[in-house]
Amino acid sequence: MALRTSHRPVGSKRPFRKRDSGEFERREKARELSQRSGIPLHLAFHVIDGRTTLNDVLRKMMLREKARRLMEDYGLSASVAGQVARGHASLEKVVARGKRRASRFWKARYSIFDVEEHRACDLAILSFGRPWRVGRLCGVEKYEFEFEAEEGTEVLQKHDVKVLLFSPEQIDVLRNAMSVDEEVQKRGLSATVDLKERLKIDKEDFFEEIRGGERLRFVFRDGDFLEGVVNWFARYEFGLTVAENVEAVGFFHALLSHGPVDAADASSGEATEPSEKPSPRKKEKKVRQKPVAGKKKKHRRRRR
């Protein structure tokens, strides 16, 4: 019995497959477009097929190249570099944010109310319209907390607190260091939950103010103000050294203004009389004279 082989008979030919002329032209156009514009071949096919435009492809390639250079030059992440390249974020702001987050002043995701070790010891708090109270934190929620004092346990709102002290025996020192701005006190402001009325703090600008170790003045909404050097700050609060070995915690929601002590003293002084400036010269309106009857204008041609 003869064995079957898989070989074709001698002289047989494989059937010729005719090329599609349309597909051939498509490939040639894509190859030509890729060589002419410098875009990848697969994106050239997208342009030929009408899925996108050449300008859109070139713009995206330029943005990717710009983002790559930003990542190399400034050490930005891919997502942040893409935002800067597209113009959705400022490069100066992003670089300043990186310096702030890498500094010793910034405490990310930190709040004095969430630290467990502070709940095991007595603290002193000062709220709007109330005297100093000494007690312990307990039952902290998102917007309120329970304060256990000698008078009993009381539920307080976080936005009512102005200053917190780690050492209650330093209350007298802080009370002597606190002064009153009478002009602000006359306004009768207090705690507020309206975000539009609160002082908006730019974290990057605040970091630039405190990084030099200068004394700043913090004016609260009710007119009280403290002066000191900021040691650290977080999203909602900041640590302020008022005197030697005396550190208080202030809250941004309780502030009305802040700035250098020298500038604050200069602004609180008597206002100088403004210098008299010459009044701006008024422009005289040109009145167009009407032509007198019987006289012809020079530029008019004489009638023939």
Residues of the stretch 106-133 being in contact with a Leu (Cβ under 8 Å, 6 or more places away or on another chain) and surrounded by fewer than 16 Cβ atoms within 10 Å (Cβ to Cβ), in sequence order, are 132
Exactly one condition in (1) within 21 Å of residue 113 (Cβ to Cβ); (2) touching a Leu at 6+ places or on another chain (Cβ under 8 Å); (3) assigned to a helix (DSSP H, G or I) is false for residue 184; which is it?
(1)
Among the residues of the stretch 107-126, how many are polar (S, T, N, Q) and free of Cβ contacts under 8 Å to residues at least 12 places away in the same chain?
0
Checking residue 47 against (1) part of a loop (DSSP other than H, G, I, E, B); (2) crowded, with 17+ Cβ neighbours inside 10 Å; (3) of a type in the set (Val, Ile, Thr), which single condition isn't satisfied?
(1)
Return yes when residue 64 is under 29 Å from the mean Cα position of the chain (by Cα), among the basic types (Lys, Arg), within 16 Å of residue 235 (Cα to Cα) and not assigned by TED's automatic domain parsing to the domain that holds residue 249 and no when it is not.
no
Matching residues in the stretch 120-154 - criterion: being assigned to a loop (DSSP other than H, G, I, E, B), over 22 Å from residue 222 (Cα atoms) and charged (D, E, K, R):
122, 141, 142, 150, 151
Breaking point among (1) on the phi < 0 side of the Ramachandran plot; (2) touching a residue at least 60 places away in the same chain (Cβ under 8 Å), for residue 129
(1)
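Please go through the stretch 204-239 and pick out each residue that is aliphatic (A, V, I, L, M) and touching a residue at least 24 places away in the same chain (Cβ under 8 Å). Even if it seems obvious, please write down each step before you answer.
Within the stretch 204-239, the first condition is being aliphatic (A, V, I, L, M), and the residues that meet it are 210, 216, 219, 226, 229-230, 234.
Once the filter is applied, which keeps residues that are aliphatic (A, V, I, L, M) and touching a residue at least 24 places away in the same chain (Cβ under 8 Å), the stretch 204-239 yields 210, 216, 219, 226, 230, 234.
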Considering residues of the stretch 78-100 that are free of Cβ contacts under 8 Å to residues at least 12 places away in the same chain and either among the hydrophobic types (A, V, I, L, M, F, W, C) or assigned by TED's automatic domain parsing to the domain that holds residue 253 (or both) only, the residue farthest from residue 188 (Cα to Cα)
78
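The values are calculated or read from the model by the stated rules, or taken from the named source; none is laboratory data. The shown structure was predicted, so the numbers you read here are calculated from the model rather than taken from an experiment. Glycine also receives a Cβ, built like all others from the backbone with ideal geometry; neighbour counts cover every protein chain displayed.
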